[in-house]
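Input: a single structure, listed below in structure tokens.
What follows draws every value from the coordinates through simple rules; no lab data is involved. Note that the coordinates shown come from a computational prediction; the quantities given were computed from them, not determined experimentally. Positions of Cβ are backbone-derived with ideal geometry, glycine not excepted, and every protein chain shown enters the neighbour counts.
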């Protein structure tokens, strides 16, 4: 049963014309604001606790557009992409860490389209491979990429 305002008379739920519903529930000592899709999935959850709000978003797509800077500050930042990840910039890209930077992949290619590749270490430089090929260039593919080996 709903009231004239689209709110469920028993649970405080407000059903929108689109079929999405908004409600507030007790989350065990804090309030939780939920936005549910017509099929029951929770799309947005905001838990209001004494230490601050916690936001969880689940959607088919997410876009952030800003004419200015976008900054994220947190303890730990993780990205899990199922099919790929692209970082692109019209300027310089800088990765910096107080600890180590480690990359791992099935294969890796590093190419400078114009200019040098410079490696510098305070201590030893180790290079280990089945074959170390120096000055044996491989032709680029028509797309300007190194061919797979």
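Listed residues 51, 18; which is more than 27 Å from residue 74 (Cα to Cα) and without any contact (Cβ under 8 Å) to a residue 40 or more places away in the chain?
18
Here's a check for you: in region 99-112, which residue that is touching a residue at least 24 places away in the same chain (Cβ under 8 Å) and loosely packed, with under 10 Cβ neighbours inside 10 Å is farthest from the chain's Cα centre (by Cα)? Here the answer is 111.
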